[in-house]
Every structure is written in C-alpha cells, then in structure tokens.
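Scroll down for the structure; my scribbles are underneath it.
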Amino acid sequence: MTYRDLDMAREHTVSVVYPENANIEEGRISVLTPVGVALLGLSPGATISWVTRDDETRQLEVLEVRPPLTHD
C-alpha cells in the first residue's frame, strides 16, 4: 500500500503484516498498530485521520493498494 501523509507531504509504501513479521525499517507495519488498523480495507483515494504515538492527529490519503505477495 502506498499512502501520502498529507500533513508532512510525504509518501510511504508499506505492507500491513502480522505482528511477528513487522519491521518498520523494511516498511512492514503491524496490523495491530493504530495506523495498520486504520489502513485495513481502504481503497485508493480514501482519506483517514489517525493518531501517532506522539498523540498527533495526521491525515493520510491512500494512493495505491496492491494484493499481498504470495510464496509458492
């Protein structure tokens, strides 16, 4: 998923994963984090508000959603 942080004017590409696979440096965020939960089920063009760990409210716009990678 690619989203734009409208407050910081930055784009991020992340994968929403189970907690045991999370690694923020590699762009894998846990489904149990506030932003992970907020991003679930959104489509391109959707805009949401979420609260950071520093108690700041941010606005995000979803730019692209790709299906998960599968391992054969």
Please give the solvent-accessible surface of Leu42 in Å², to the nearest 10, using a probe radius of 1.4 Å with every protein chain present. 40
Residue among Thr57, Thr47, Thr33 with the largest mean-square fluctuation in a Gaussian network model of the chain, springs linking Cα atoms under 10 Å: Thr57
Tell me, what is the per residue accessible area of segment 11-72 in Å², probe radius 1.4 Å? 74
I want the local charge near Val16. Using Cβ-Cβ distances under 15 Å, sum +1 for each Lys or Arg and -1 for each Asp or Glu among the other residues. -1
Filter the GluC sites (Glu not before Pro) in the chain to those in DSSP coil with at most 16 other Cβ atoms within 10 Å of their Cβ, and list the result. Glu56
Cα pair distances exceeding 13 angstrom across the chain, given as percent: 66
Go ahead and collect, in residue order, the members of segment 30-72 whose backbone nitrogen is under 19 Å from a label point 7 Å along the Cα-Cβ direction of Glu20. 30-33, 69-72
Can you send over the carbon and sulfur percentage of the accessible area for the chain, probe radius 1.4 Å, protein chains only? 51
Roughly speaking, what is the centre-to-centre gap between segment 1-21 and segment 25-67 when only Cα atoms are used, to the nearest Å? 6
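The values are calculated or read from the model by the stated rules, or taken from the named source; none is laboratory data. Bear in mind that the values here come from a model prediction, so they are computed numbers and not experimental data. Quick reminder, even Gly has a Cβ in these numbers, built from the backbone with ideal geometry, and neighbours come from all protein chains shown. Just so you know, the surface numbers come from the protein's heavy atoms only, side chains and all, with ligands and any DNA or RNA stripped out. Shrake-Rupley method; radii C 1.70, N 1.55, O 1.52, S 1.80 Å.
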